[in-house]
Each structure stands twice: as C-alpha cells, then as structure tokens.
Amino acid sequence: MNSRLIPAHLKRVQVERLTKRTHTDGSSSNETGSLPDAGDSIAGHLFALTLTDDGVGTEHAPSKLWSSRAEFQDTGPSHSIIANPPSGGSVPIADLTNSLNRLMLRSASPSMLPPNNEPPNTPPPPGSVTPTLVVGGRRLPKRDSHRRTVKALQLLNNVESHIHRCSRLLLKPSDVDYSFLQREVTTLRQATDNVTWIADSVKSKKRTLLTLLQELEAEVSSHLPVLQGPVDINTETQYQPPVERMDVVAQVTLLIGVVCSIIFGIGTTGANFIMSSLSLVLYLVFQKADGALSAAHENVMKQIPSTISGALSKFQLNTKTIQYAVCACHCIYPPVSLPGSSGLVYPERCNNFPAPEIQCTEELLDTGTDGTHRPKKTFVYHDFKDYLAMLMSRGDIERAMDEACDDLQASLSSPLSRTKGVWRREHGLRS
C-alpha cells in the first residue's frame, strides 16, 4: 500500500471500529445475529485492502532478492516483534485467543476485552442478566432447571438471607427489638408456606428453612416478656364494619350496589358496572367549573370502591368459617395445624365407631393433580371462637349478659317464685 494512503486507511479503520462498538452494545438478539456476518465483514475488509494495494514498492519495502536476511528483519513489517520478542520466546496462548475472538466476534477495540491477568470467574456487571440455571452461586441440575423451580428457589434463598440476618441481630441483645423479630419470623414463615411449587429441590429447601425458622422463633420467644395477669383491650371497634366510619354519601352508594347484588341477584359483571356508574355520576356532580374536586369530595370518592367485592368487604359480611372433612359415616374432622407450619392438615382415615364393635376406616382425602391432599367431602360451619369473640366485643351485649347473670345470682337467695325470664324457667329455679 502506498504510504500516502496509510493515514486515510487508518482513519477509516478507526471509524469502522467505533461503528462496530456501537452495534455491539445493542440487544442480545443483534449480538447473536452478528456471528454469521463476521465472515462477510472480514472478506469485505480484505477485498478493500486488495483494491488499495499498489503492490511491492521497491523504494519503501525491502527486497528479499537484493537485501540480506538481517536487513530484511531490521526493516520489514515485523521488525518491532523481532527486535522485542515476548517473554518466554513465544506468543502467549491468551493473546492468540484474544486475537481470534476479535476477528470472529467483531470486537475490534481491545478495551472491550478483559485483561489477561483478570480472573476467569469475574462477576457480571450491574444490570446484566444472570443465567436462569444458576441460583445461589451454584448451577442447578437439569431436572431443576424449570422456570418456576428457579423462581421458587430464588424466593427461598431470599428468605434464608433474612433468617441469617435475624440470627445476626440476636448476637447483640442490647440492640434487638424482639417484637420486630417476632413479626419478621411470622412474615418469613408465611412467605415460605406460600411457595407451593412441587420439586425435590424446593421441598428440601423448604424443610431446611422451616427448621431454621422454628429454632429462630424459639430463641426469640425466650427473650419476650411473660405477661402477668389479664390485659385490658378495647375491642368495641374490632368487629365494627368499615361502612360505619364512612361518609353518608359513600354509605348510600355502597348500599345501592349491595342491594342490587344480593337482593336483586345481579351478577358480578353487572354489579361492577353499577358501582362504576355510581362513581362516575358522583364525580360529575362533585366536579367544579374548572374540573377539579374539593378536598371533602375527593375523600368521598376515595371511599367508594369500583367493584362489588370491595363494597361487600366494607359491610364485613364474610365471617370466619372452618371446613371440616366428612366421612361416609357422617363423622366430621376439623383440620389441625402441625408444629412449625401454618398449613392445615386433615386425618387420612376415619377412626369413628358407628357401632361398638365396628370401626370405620374410610379414606377421607383425595390426591389432586398437583400432589396436594383435599377432603373428599366437606362441611363448612362458622368458627365458634370467632363468633364468641365477635359477640363479646360488643359492649352493649356484654353488659346485658353480665346484668342477667347478676340478677340470677341475686335471685338464688330469694324464696321460690314464678318467673317468665329467659334465664329462669316458668316454674322457677331452686338453688
């Protein structure tokens, strides 16, 4: 190549390198698609060099015919490498590999490649995507490479890191808030139970975490103060429906939607349309000339839900119920909670005696497609403890019951008399 064309050629090569670097920063799909074009790019580059090559210039290049071997090596194109050979007398393998990678992957800039002394397991830069088959720093086996398995293991690893964090906090008792740790343990246990994907690795991880949580919960409970005597708690507002604390306009709106849904039997889609329509009408009525709403009207609009399920929840119509497993002999079995788990478990077989000499051993559970066990037949009934707590939380009912008990206790010492109260029969009670 003529020496006067070398600066222009080097400038053009530098522009091509910058252009290639810009394309390399694109999406991963463009990166994968650049491999087939590498050969065409190299062929085009060599073709351009061939066209601009003027042949051998006797005035610029040494001649092998008329120059000695020593002169050719001193003035030839590789004279810098021959004059300063690399250490060891040979080119390192890493340099050869990097050179080949630059040709095949179009990585023209050496600054984009890692240095030779960089360790092979370099952590990925921020924002890069970690391979889905690597979780917690280790590669998963092929049977655990399912997308949901990987996600479940990532969630469990996150729970494990929080467990270790709580354990480290217990090392400094003076700085520990044991009430916070108790709430944290409850949250971590719920998060662990919410992972329901069935895989051997997930089950093994959950068993390990439940054991750690049980140990952590026992240690935290040992530091909590023990309550002495009864604790007075105001429960009058515990079971108060949220609709009683809402604005009158919002109460009427919710009542219209609930009546249409429950009494008139309108479906969920139609009831949602009614709630949205009522919200739209109120918004248009409350709207000022400039299109804005006052603070009071905005508060009313925030209290009105857009769905009928949200409106029903404001009336607190749903109560706590227990789902019993029913046997063919009409014996029912409530679910029980196992230690260290928030899930409920039913007995597998019935142990009732329909007759003194006959024991029923009928199976109570069916196995679902996901491997979980469910009762074959169920019976749903209100939770008595929840009903009693709701009854006792009302101050007026509690006062009425206490007054009736006091009157009965006072009447026991009086002579026998006839009464028609609910606490005493018509013919009276004798102490």
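General observations
- Prolate/oblate/rounded call for the stretch 258-328, Cα gyration tensor, a/c under 1.5 rounded: prolate
- Gain upon complete extension [Lys288, Glu363; 0.36 nm per residue less C-alpha separation]: 20.3 nm
- For Lys385, the lysines whose Cα comes closer than 18 Å to its Cα, not counting residues fewer than 8 places off in the same chain, are Lys320.
- Sequence-ordered 3J(HN,Hα) estimates for the stretch 181-186 from the Karplus curve with 6.51, -1.76 and 1.60 and θ = phi - 60° stand at 5, 5, 5, 5, 5, 5 Hz, glycine and proline given as x.
- Summarising the amide proton neighbourhood of Tyr239: residues at separation of 5 or more, or on other chains, whose placed amide H is nearer than 5 Å comprise an empty set.
- Close amide H partners of Arg349, meaning residues 5 or more places away or on another chain with modelled amide H under 5 Å apart, are Leu364.
- Computed from backbone phi, the HN-Hα couplings of the stretch 292-299 come to 8, 10, 6, 5, 5, 5, 4, 5 Hz, rounded to whole numbers (Karplus: 6.51 cos²θ - 1.76 cosθ + 1.60, θ = phi - 60°; Gly and Pro given as x).
- Global geometry of the stretch 195-250, whether rounded, prolate or oblate, following the gyration tensor of its Cα atoms and the 1.5 cut on a/c: oblate
- Here the peptides 283-290, 205-212, 398-405 are ranked by packing, the mean other Cβ count within 10 Å, and the order with the highest first is 205-212, 398-405, 283-290.
- In this simple spin-label model, placing a label point 7 Å from the Cα along the Cα-to-Cβ direction at both Val336 and Lys151 gives a separation of 3.5 nm.
- Largest first and in whole Å, the equivalent-ellipsoid semi-axes of the stretch 216-337 read 40, 26, 13, each the square root of five times a Cα gyration tensor eigenvalue.
- Judged by the mean number of other Cβ atoms found within 10 Å, the most tightly packed of the peptides 246-257, 9-20, 185-196 leads the ranking 246-257, 185-196, 9-20.
Bear in mind these aren't lab numbers, they're just calculated from the coordinates by the rules spelled out. All figures in this text were calculated on a predicted structure; none of them were measured in a lab. Neighbour counts are summed over all protein chains in view; Cβ atoms, including those assigned to glycine, are modelled from backbone coordinates with ideal geometry.
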